[in-house]
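Trainee: Got a structure here, written out as structure tokens. Questions coming.
The values are calculated or read from the model by the stated rules, or taken from the named source; none is laboratory data. All values reported here derive from a predicted model rather than from experimental measurement. For neighbour counting, all protein chains shown are included, and Cβ atoms are generated from backbone atoms with ideal geometry for every residue, glycine included.
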Amino acid sequence: MCGIVGAVAARPVQEILLEGLRRLEYRGYDSAGVALQTDAGIQRCRRTGKVQALSDALQAEPLMGTTGIAHTRWATHGVPNEANAHPHMSADQLAVVHNGIIENFEELKDQLQNDGYVFSSDTDTEVIAHLLARELNTTSSLHTAVANIIGKLEGAYALGVIEKTDPSQLVTARKGSPLVIGVGIGENFIASDQLALLQVTDRFMFLEDGDVATLTASDITVTDISGNKAQREISQFEHGVSSADKGEFKHYMLKETYEQPEVIKACLEGRVSDDKLLEQCFGVKAGEIFDQVKQVQIIACGTSFHAGLIAKYWIEDLVGIPCMVEVASEYRYRPVVIPEGTLFLTISQSGETADTLAALREVQSRVLASLVICNVPGSTLVRESDLALMTNAGPEIGVASTKAFTTQLVALMLTTLALGRRNGLTAERESAIIAALKKLPQQVLHALEMDSDIEKMAQSFAEKQHSLFLGRGTLYPVAKEGALKLKEISYIHAESYPAGELKHGPLALVDKEMPVVAVAPQNDMLDKLKANLQEVRARGGELFVFAGSDKVQSEEGIYVLNMPECEEIMQPVLYTIPLQLLSYHVAILKGTDVDQPRNLAKSVTVE
């Protein structure tokens with residue numbers, strides 16, 4: 001969640017750095033700091049709390065310089081305090097800002113302490129500063145020093161470095177964590193996000209993993225992972241400054257549905273390396289807490305509750321420990337038994353959901369620890385939980401949740417991996433799941449390409465008053481989410497059932513006036529699901545099937561859309577996309593208010 005800003009220019013950059021940090025406040029942080037090249041060498045100012053505290057300190061004692069780096073920190077190693085705030089320095093020689101997690105920092109720290117380097121923080125980042133200082137004993141080039149040491153870093157990183165002997169340069173590098181270069185006129189910049197730099201430039205260069213770049217006011221030099229000079233394309237930022245702008249889309253909901261490939265990437269950035277989870281992304285005490293977890297209690301409401309239901313399948317399958325899921329508004333009002341070693345996991349887009357927050361406060365003192373999956377840094381649930389994992393979905397304006405749901409699922413899978421590696425989940429299996437997660441953005445993009453076919457399918461729902469959604473296994477909660485979306489924004493009464501429950505009541509409702517939607521991926525439940533679908537067809541029901549196999553074919557009364565291929569473990573994420581599009585297009589045909597459906601609020605902050 002950390003935020004980086006850097007600048008090298010012919011004008012003072014203190015205010016540019018501060019404004020960049022303000023624009024990154026949405027990422028969440030607990031401290032902030034800057035370091036600038038001044039006439040007196042590299043000078044630094046750091047403060048805990050908000051960027052405003054740092055700004056106040058710099059107003060009192062400004063740092064005058066034309067090259068500098070700045071940072072907002074979300075604690076992963078070491079508690080939130082000024083000593084652990086970035087930038088970190090090695091003596092007065094150089095300063096470093098870092099976004100990411102260095103997994104092997106303890107081993108590197110031992111080596112550096114044996115070489116006489118003294119550490120003043122508990123962070124993994126200070127290791128980078130001292131590694132660079134040691135490397136500069138054998139090379140006079142900061143660019144070369146950075147290129148040489150990044151091969152020793154295991155994990156994820158985005159770096160900004162300044163060094164006192166050359167105040168005219170800033171060196172940066174990235175692997176697995178977000179970083180862009182802002183290209184100006186007679187000045188250049190780095191940041192974790194384009195939005196941080198839109199006050200100074202709208203042209204950006206994106207580095208590839210393993211790249212190292214040196215910026216001066218007039219030039220940018222890039223080398224790739226092999227040390228060869230590389231050219232990286234410069235592109236112009238063409239979107240509105242605010243992500244709360246519909247842009248080319250008619251509604252926020254459609255815009256946010258189409259943002260899902262990018263926000264899934266953002267949810268993974270800095271949390272996974274090439275083949276494994278970087279579990280420090282959950283917080284400072286994550287490892288210690290996860291070691292003691294014996295079961296998980298998930299509490300959520302609405303769409304977040306459906307994400308929790310899917311996570312139950314994952315946790316009990318891949319981790320092998322009990323996982324209970326309950327609606328917050330029920331859980332908070334009944335006597336509950338909390339077994340020893342319970343991780344209390346809350347899920348909330350806003351972090352302010354009243355019932356979920358009340359449930360956490362009710363049991364906080366009786367559980368092992370609390371973890372929140374949330375989209376809003378600084379929200380109450382984030383502040384009051386022991387651990388937090390941000391979904392990084394960006395602002396979600398539409399009341400009906402889309403990208404918040406799919407990024408919650410990604411975050412819940414990362415949670416499952418953290419618990420699983422302590423309960424028999426092999427490194428090979430973890431690597432395979434990480435690979436499947438990394439494929440998701442492209443697969444979701446392919447699912448979005450079905451939009452026009454889904455729009456045609458929606459016409460069959462426009463005059464209907466009721467609908468039924470079916471799924472099995474992890475796709476049953478997906479069916480529940482699809483039914484919720486349809487009823488939320490089109491006002492069509494929609495219910496969901498496990499397909500195996502048809503004989504236990506829902507078949508009585510099936511006729512030609514009740515369209516039945518089924519999610520039917522290729523898995524070991526498909527043959528059973530096909531038999532359930534035939535039960536619907538035999539009663540004259542119309543079927544609309546999203547299928548992952550040619551075993552399900554279109555015929556009279558059965559309309560099949562074939563889904564992109566997807567690893568089975570990721571099917572709940574992928575199969576959510578067409579249901580979102582279906583509900584959207586039905587709502588358009590019904591003429592309802594898509595983004596602000598009647599009687600509903602985005603954040604439910606009251607009972």
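Trainee: Please work out if Glu513 is among the charged types (D, E, K, R), in a loop (DSSP other than H, G, I, E, B) and closer than 24 Å to Ala458 by Cβ.
Mentor: The answer is yes for Glu513.
Trainee: Out of the stretch 24-53, which residues are touching a residue at least 24 places away in the same chain (Cβ under 8 Å) and more than 24 Å from Gly283 (Cβ to Cβ)?
Mentor: Val34, Ala35, Leu36, Gln37, Thr38, Asp39, Gly41, Ile42, Arg44
Trainee: Look through the stretch 37-54, keep the residues that are in contact with a Lys or Arg (Cβ under 8 Å, 6 or more places away or on another chain) and assigned to a strand (DSSP E or B), and return whichever of them is surrounded by the most Cβ atoms within 10 Å (Cβ to Cβ).
Mentor: Top of the filtered list is Gln37.
Trainee: Among the listed residues Leu526, Leu533, Leu509, Leu600, which satisfies the condition of being surrounded by 16 or more Cβ atoms within 10 Å (Cβ to Cβ), among the aliphatic types (A, V, I, L, M) and out of contact with any Ser or Thr (no Cβ under 7 Å at 6 or more places or on another chain)?
Mentor: Leu533
Trainee: Determine whether the stretch 55-67 contains at least one residue that is within 25 Å of the chain's Cα centre (by Cα), over 19 Å from Asp39 (Cβ atoms), crowded, with 16+ Cβ neighbours inside 10 Å and not hydrophobic (A, V, I, L, M, F, W, C).
Mentor: No, the stretch 55-67 contains no residue that is within 25 Å of the chain's Cα centre (by Cα), over 19 Å from Asp39 (Cβ atoms), crowded, with 16+ Cβ neighbours inside 10 Å and not hydrophobic (A, V, I, L, M, F, W, C).
Trainee: Quick one: in the stretch 181-209, which of the residues that are touching a residue at least 60 places away in the same chain (Cβ under 8 Å) and charged (D, E, K, R) is surrounded by the most Cβ atoms within 10 Å (Cβ to Cβ)?
Mentor: Restricting to residues being touching a residue at least 60 places away in the same chain (Cβ under 8 Å) and charged (D, E, K, R), the top hit is Glu187.
Trainee: How about the stretch 569-598: which of its residues are under 21 Å from the mean Cα position of the chain (by Cα) and either without any contact (Cβ under 8 Å) to a residue 12 or more places away in the chain or farther than 19 Å from Leu448 by Cβ (or both)?
Mentor: Residue satisfying the conditions is Ile569 alone.
Trainee: So how many residues does the stretch 210-229 have that are under 27 Å from the mean Cα position of the chain (by Cα) and on the phi > 0 side of the Ramachandran plot?
Mentor: 1
Trainee: Continuing with this model, one more query. In the stretch 333-354, is there at least one residue being touching a strand residue (DSSP E or B) at 6+ places or on another chain (Cβ under 8 Å), over 30 Å from Ser31 (Cα atoms) and crowded, with 19+ Cβ neighbours inside 10 Å?
Mentor: yes
Trainee: Counting just the residues of the stretch 128-166 that are free of Cβ contacts under 8 Å to residues at least 40 places away in the same chain and within 19 Å of Asp274 (Cβ to Cβ), which one comes out farthest from the chain's Cα centre (by Cα)?
Mentor: Checking each candidate, the answer is Ile149.
Trainee: Would you point out which residue out of Lys265, Lys285, Lys246 is free of Cβ contacts under 8 Å to residues at least 24 places away in the same chain and either surrounded by fewer than 16 Cβ atoms within 10 Å (Cβ to Cβ) or of a type in the set (D, E, K, R) (or both)?
Mentor: Matching residue, one of Lys265, Lys285, Lys246: Lys246.
Trainee: Also, I was wondering about something else. Quick one: would you say Ile289 is farther than 30 Å from Glu455 by Cβ, part of a helix (DSSP H, G or I) and either touching a strand residue (DSSP E or B) at 6+ places or on another chain (Cβ under 7 Å) or small (Gly, Ala, Ser) (or both)?
Mentor: Judged against the criteria, Ile289 is a match.
Trainee: Under the condition of being within 32 Å of the chain's Cα centre (by Cα) and either assigned to a loop (DSSP other than H, G, I, E, B) or in contact (Cβ under 8 Å) with a residue 40 or more places away in the chain (or both), which residue from the stretch 106-124 is surrounded by the fewest Cβ atoms within 10 Å (Cβ to Cβ)?
Mentor: Restricting to residues being within 32 Å of the chain's Cα centre (by Cα) and either assigned to a loop (DSSP other than H, G, I, E, B) or in contact (Cβ under 8 Å) with a residue 40 or more places away in the chain (or both), the top hit is Ser120.
Trainee: Moving on to the next point. Residue under question is His71, and the condition is that it be modelled with pLDDT of 95 or more, within 28 Å of Leu277 (Cα to Cα), of a type outside the set (D, E, K, R) and buried (at least 16 other Cβ atoms within 10 Å of the Cβ); does it hold?
Mentor: For His71, the condition - modelled with pLDDT of 95 or more, within 28 Å of Leu277 (Cα to Cα), of a type outside the set (D, E, K, R) and buried (at least 16 other Cβ atoms within 10 Å of the Cβ) - is met.
Trainee: Find the residue count for the stretch 536-557, including only residues that are among the β-branched types (Val, Ile, Thr) and at pLDDT 85 or above.
Mentor: 1
Trainee: Restricting to the stretch 88-105, give me the number of residues that are closer than 27 Å to Lys285 by Cα and free of Cβ contacts under 8 Å to residues at least 60 places away in the same chain.
Mentor: 6
Trainee: Go through the stretch 297-331 and give me each residue that's assigned to a strand (DSSP E or B), among the hydrophobic types (A, V, I, L, M, F, W, C) and touching a strand residue (DSSP E or B) at 6+ places or on another chain (Cβ under 6 Å).
Mentor: Across the stretch 297-331, the qualifying residues are Ile298, Ile299, Ala300, Cys323, Met324, Val325.
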